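Everything below concerns the one structure shown next.
We did not get these values from a lab; they are worked out from the coordinates using the rules stated. On a predicted model such as this, the values are computed, not experimentally measured, just so you know. Ideal geometry is used to build each Cβ from the backbone, glycine not excepted, and the neighbour counts take in all protein chains shown.
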Amino acid sequence: MQTKFYSITESKFIDYLLIFLIIAFSGFPFFTSNSYYILIPFIFSLYIFLNRRQKFTKGFLKVFFFLSIIIVAQIIFSNFFPVETTISFYIRFLYAYFTVKIVNENFDIIYVNILYYLTIISFVFFIPSFIFPSFEQFLITELSPLFTQTRLYSIYEYTPNIILYNINTGQGTWEFFRNSGPFWEPGAFSGFLLLALLFNIIRENKVYTKKNIIFILGILSTFSSSGYIALGSVFLTFMVLNKGLFRKIILLPSLIILFWIAYFNLTFLNEKIDYQYLAASEGDVTYTQRNRFISAYLDMQDILANPILGIGRSYEIRYSVYGGIRTDLEHRNNGITDFAVKFGLPFTILYFFLIYNSFNKLCIYTNYMRRFALLALIIVLIIGFSETYFSKPFFIALSFLGLIPPFSSSTNKK
């Protein structure tokens, strides 16, 4: 199917601006340093939504109604109404829908194009910083003070950034010099890149394109364990799904062997994962430094106690065990279990089904193999195991993609 492109018009500029903003407000430290800033793109997207006379789809209204039941029930049973966090999530929820409904079927195309240029921009700063440490120091001391902000009322401190590049290379902490791109850390950058790779594979019907090579190089530069595992899963699955006999007999075993060797020879893969798993499985983890496994373990306790409704997004309820004091013990980085704690298992299952549905509808719309949609969901779960993506506007928008025309009306005509 031919990819739809439109002429150079104001409409195209607005669509690109909307997608850039939803990416930025989902992970650029400059834009996420203050939770009130999201009111700006929310109001802007609402204005465009009304100006273009867009409407709410029945699918979205059903999801919105279900979520509202969950939130109201949480308030009733906890006898606590967290006004700010509730309004904040509804703003994110509506902002995500406004954006995806306005941009429509070009959502993934524009996303791919923006990530492509953001990755190239990251190389412009990352490669010289790797070769010349003084260049990174110049960025930190001379340029970043113009843009870096202090995050209010948070246990987190943002690293120096210049909006389109975050200087979080991990010097002195990691064995490898890592590329964060414009996002809060390298692992987050790899997750957004993997989504761009998935989108472009579906649109282009092949892995090896100029943009995909840039995305792969970007993922490799992050030295993210979850990013590498997800990237390996993409290649392995693509080999299995591909009809070429040569690829299955020769390339697939070679790729498996290469991945095996890489896992046991790259310390940031095996040692990091082994250490985190052992830290979570041995001893009392109540006051242990948080990682993806410990986060999952602690979250599971909350999930088992509140499996249907969850406990909401309120800090006061979730972290009352620590006496209400904001410390590093509040840190959670397992996005899957974190989302289930906040909204319960039924809504979490619906949420990830909606993400699968979006990829499935996109595959149908572009006449690509529908089995790839399941791989896409698996990749989302892999990257979400170590990053709290799923309350962010972009991922909420991704869950809505399959609910809007023309994707919502796509049917398998094969």
**Asked** Tell me, in nm to one decimal, what length is gained between Asn51 and Lys210 on full extension, where the rule is 0.36 nm per residue of separation less the Cα-Cα distance?
**Response** 53.6 nm
**Item:** Karplus (6.51, -1.76, 1.60) ³J(HN,Hα), θ = phi - 60°, over the stretch 366-381, in Hz, Gly and Pro reported as x
**Value:** 9, 6, 9, 4, 5, 4, 5, 4, 5, 4, 4, 5, 4, 4, 4, 5
**Request:** Starting from the Cα-Cα distance between Ala73 and Leu146, subtract it from 0.36 nm times their residue separation and give me the gain in nm to one decimal.
**Result:** 21.8 nm
**Asked** If each of Leu220 and Val124 carries a label point 7 Å out from its Cα toward its Cβ, how far apart are those two points in nm?
**Response** 2.3
**Prompt:** For the pair Glu316 and Tyr36, what calculated FRET efficiency results from E = 1/(1 + (r/R0)^6), where r is the Cβ-Cβ distance and R0 = 25 Å, to the nearest 0.05?
**Reply:** 0.80
**Request:** Report the trypsin sites (Lys or Arg not before Pro) located in the stretch 157-233 that are in a DSSP loop and have at most 12 other Cβ atoms inside 10 Å of their Cβ, or state none.
**Result:** Lys206
**Item:** Residue-wise HN-Hα coupling along the stretch 36-50, computed from phi with Karplus coefficients 6.51, -1.76, 1.60 (Hz; x: Gly, Pro)
**Value:** 6, 4, 5, 4, 5, x, 5, 5, 4, 5, 5, 4, 5, 4, 6
**Prompt:** Computed FRET efficiency, Cβ-Cβ of Phe64 and Leu345, R0 22 Å: what is it to the nearest 0.05?
**Reply:** 0.70
**Request:** Any of Lys101/Lys392; Lys55/Lys101; Lys58/Lys101; Lys210/Lys392 with alpha carbons more than 19 Å apart? Name them for me.
**Result:** Lys210/Lys392
**Prompt:** How many nm separate the modelled label positions at Ser409 and Gln137, each set 7 Å beyond the Cα in the direction of the Cβ?
**Reply:** 6.2
**Asked** Amide H to amide H under 5 Å from Asn161: which residues, 5+ apart in sequence or cross-chain, H placed 1.01 Å off N in plane?
**Response** Thr148, Ile167
**Prompt:** Once the stretch 37-172 is represented by equal point scatterers at the alpha-carbon sites, with solvent omitted, what log10 I(q)/I(0) does the Debye formula produce at q = 0.10, 0.20, 0.21 Å⁻¹?
**Reply:** -0.57, -1.18, -1.22
